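For reference, the structure is listed below as structure tokens.
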Amino acid sequence: MFTKKEIINIRNQFPIFSKKINGYPLIYFDNSSTTQKPKCLINKNKYYYYNLNSNVYRNNCYLSNKSTFYIEKCRNIIKNFINANSKKEIIFTKGTTESINLICNCLNNINILKKNDEIIISLLEHHSNIIPWQYLCKKKKLILKIININKKYNISLKSLKNIISNKTKIISITHISNVFGTILPIKKIVEIIRNKNKNIIIILDGAQSISHIPINVKSLNIDFYAFSTHKIYGPYGLGILYGKKKILNQFPPYQLGGSMIKSVTLNKTIYTDLPKKFEAGTPNICSIFCFLYVIKYINKINIYNINIYEKKLINFIKNLFLKNKNIILYGKNNIHSSSILSFNIKNINNFDIGCMLNKYGICVRTGYHCSHPLMKYLNINGTIRISFGMYNTIEEIDKFYFFLLKIIKLLK
Ligand SMILES: Cc1ncc(COP(=O)(O)O)c(C=O)c1O
């Protein structure tokens with residue numbers, strides 16, 4: 001748990017919090033969309049272009065060697081952060097979306113999926129973990145099956161058990177729901193899947209878990225884990241795909257070009273080994289460099305401490321909401337929720353609430369949260385979503401709640 005002084009220190013690392021919106025101090029509760037950026041990222045970004053700018057791997061000059069060194073250092077710190085076996089299993093992409101597309105693209109280009117094979121996703125998925133699979137199923141004449149949800153807005157293990165069959169080849173699910181904040185019981189889910197068939201490829205969309213809970217891909221026993229660095233206080237345009245070496249080695253390259261080859265003639269190319277085989281072209285060098293320092297900063301604070309602190313925030317707001325009869329809280333009985341909370345106000349449009357909160361400098365997300373099928377299933381017109389980061393405070397929640405009550409009174 002953070003002390004008051006520690007929270008002040010953390011907030012001081014994020015220059016954006018000195019900003020006022022409409023004359024009010026910024027209250028940023030939209031961390032699931034993206035997190036704010038610490039000074040170490042902002043300063044290192046400038047440092048990189050002042051001191052190190054160069055292309056990587058292909059050169060022998062001082063700048064290039066240094067930049068290459070930092071890229072590999074970053075790969076290594078990520079490997080340790082999620083407890084992968086080897087640096088070779090860490091691939092740099094553009095984000096979670098590209099990481100999932102990479103897997104789909106590779107599966108589209110090899111012959112391990114046959115007509116009528118099945119891919120399973122859940123109702124809780126973000127569009128990024130639905131549309132690529134829909135596309136692949138259409139292209140390869142596969143069947144897309146959906147795991148249902150239970151009353152706690154978590155996936156139904158009964159539904160999972162029922163739909164896995166001997167034709168199931170891939171299961172791709174989110175770790176934390178970006179709408180409700182429910183944490184899926186991944187260990188249990190993996191156990192159920194592996195007991196049915198240990199060869200099913202299991203993919204975890206980690207976009208919403210990476211900044212909130214410690215990740216250990218080895219103990220989770222999954223095959224892939226994808227996340228975006230901008231959701232963990234890092235830069236835009238960078239994502240990570242962790243993949244088991246055994247599977248990545250079977251995959252064909254995703255994109256073709258420089259950096260991913262051993263040798264090229266006009267007739268034939270021999271591709272290089274992991275992870276570069278999946279990193280054609282010039283990588284996002286500066287972002288990778290900056291992300292190294294972001295992870296160092298998070299390691300210093302410790303992801304376990306972040307997790308404990310954010311649980312305190314979520315429980316605090318949940319208790320306020322539970323006392324208010326105007327608030328429809330989704331997943332109120334869910335003890336597994338993370339630092340995301342979705343709600344609606346009876347008889348008031350969620351968009352109106354978002355606009356009014358904005359007047360007081362409060363940033364939340366309203367609408368469908370890139371989860372149209374889920375909203376349709378629940379027959380709701382979107383929600384108001386609050387999502388915390390490690391810099392949010394109880395005082396901010398109090399202010400937010402004060403203004404929320406004022407808005408409800410005004411709009412009722
Ligand atoms: C669960 C989930 N998956 C995937 C994504 C897509 O992430 P990105 O847009 O960074 O690729 C998001 C973004 O909000 C998400 O919440």
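The values are calculated or read from the model by the stated rules, or taken from the named source; none is laboratory data. Because the structure is a prediction, the values reported are computed rather than measured. All Cβ positions, glycine included, derive from the backbone under ideal geometry; neighbour counts span all protein chains shown.
Taken over region 49-76, the criterion of being more than 22 Å from Ala280 (Cα to Cα) and of a type in the set (Phe, Trp, Tyr) is satisfied by Tyr49, Tyr50, Tyr62. The residue of region 203-219 that is surrounded by the fewest Cβ atoms within 10 Å (Cβ to Cβ), among those that are among the hydrophobic types (A, V, I, L, M, F, W, C) and within 16 Å of the ligand (Cβ to nearest atom), is Ile213. Among the residues of region 357-379, those that are modelled with pLDDT of 95 or more, of a type in the set (A, V, I, L, M) and more than 19 Å from the chain's Cα centre (by Cα) comprise Leu357, Ile362, Met375.
Mind checking which strands (runs of 3 or more DSSP E) fall wholly inside region 281-394 and carry at least 2 residues that are within 19 Å of Ile183 (Cβ to Cβ) and within 16 Å of the ligand (Cβ to nearest atom)?
Passing ranges, in order: 340-345, 383-387.
Hey, does region 131-140 have a residue that's more than 14 Å from the ligand (Cβ to nearest atom), free of Cβ contacts under 8 Å to residues at least 24 places away in the same chain, more than 19 Å from Tyr254 (Cα to Cα) and assigned by TED's automatic domain parsing to the domain that holds Pro275? Among the residues of region 131-140, at least one is more than 14 Å from the ligand (Cβ to nearest atom), free of Cβ contacts under 8 Å to residues at least 24 places away in the same chain, more than 19 Å from Tyr254 (Cα to Cα) and assigned by TED's automatic domain parsing to the domain that holds Pro275, which makes the answer yes.
The residues of region 18-40 that are within 21 Å of Asn302 (Cβ to Cβ) and either more than 16 Å from the ligand (Cβ to nearest atom) or at pLDDT below 95 (or both), listed by number, are Pro38, Lys39, Cys40. Take the conditions (1) buried (at least 20 other Cβ atoms within 10 Å of the Cβ); (2) more than 11 Å from the ligand (Cβ to nearest atom); (3) assigned to a strand (DSSP E or B); Leu248 misses just one of them, which is (3). Against the criterion of being assigned by TED's automatic domain parsing to the domain that holds Ile78, within 30 Å of Ile380 (Cβ to Cβ) and in contact with a helix residue (DSSP H, G or I) (Cβ under 8 Å, 6 or more places away or on another chain), Ile176 does not qualify.
Scanning region 79-121 for residues that are within 16 Å of the ligand (Cβ to nearest atom) and touching a Ser or Thr at 6+ places or on another chain (Cβ under 7 Å) returns Thr93, Gly95, Thr96, Thr97, Ser99, Ile100, Leu102, Ile121.
In region 145-172, the residues that are farther than 23 Å from Ile131 by Cβ form Cβ pairs under 7 Å with partners that are in a helix (DSSP H, G or I) and of a type outside the set (S, T, N, Q), at six or more places apart or across chains, as follows: Leu157/Lys188; Leu157/Ile192; Lys161/Ile192. Within region 181-200, being away from the ligand (no atom under 16 Å from the Cβ), surrounded by 15 or more Cβ atoms within 10 Å (Cβ to Cβ) and not in a helix (DSSP H, G or I) holds for one residue alone: Ile200. Within region 13-52, the set of residues being out of contact with any Leu (no Cβ under 6 Å at 6 or more places or on another chain), free of Cβ contacts under 8 Å to residues at least 12 places away in the same chain and either closer than 22 Å to Phe289 by Cα or part of a loop (DSSP other than H, G, I, E, B) (or both) comprises Asn43, Lys46, Tyr47, Tyr50, Asn51.
The C-beta contact set for region 194-213 (first residue modelled with pLDDT of 95 or more, second residue of a type in the set (Lys, Arg) and more than 12 Å from the ligand (Cβ to nearest atom), distance under 7 angstrom, 6+ apart or interchain) comprises Ile200/Lys169; Ile201/Lys169. For the residues Asn166, Asn178, the requirement of being at pLDDT 95 or above, away from the ligand (no atom under 16 Å from the Cβ) and part of a loop (DSSP other than H, G, I, E, B) singles out Asn166. In contact with a strand residue (DSSP E or B) (Cβ under 8 Å, 6 or more places away or on another chain), at pLDDT 95 or above and either surrounded by 20 or more Cβ atoms within 10 Å (Cβ to Cβ) or farther than 21 Å from Pro373 by Cα (or both): is that true of Ile155 in this structure? For Ile155, the condition - in contact with a strand residue (DSSP E or B) (Cβ under 8 Å, 6 or more places away or on another chain), at pLDDT 95 or above and either surrounded by 20 or more Cβ atoms within 10 Å (Cβ to Cβ) or farther than 21 Å from Pro373 by Cα (or both) - is met. Scoring Ile112 on the criteria (1) touching a Gly at 6+ places or on another chain (Cβ under 7 Å); (2) hydrophobic (A, V, I, L, M, F, W, C); (3) at pLDDT below 95 leaves a single failure, condition (1).
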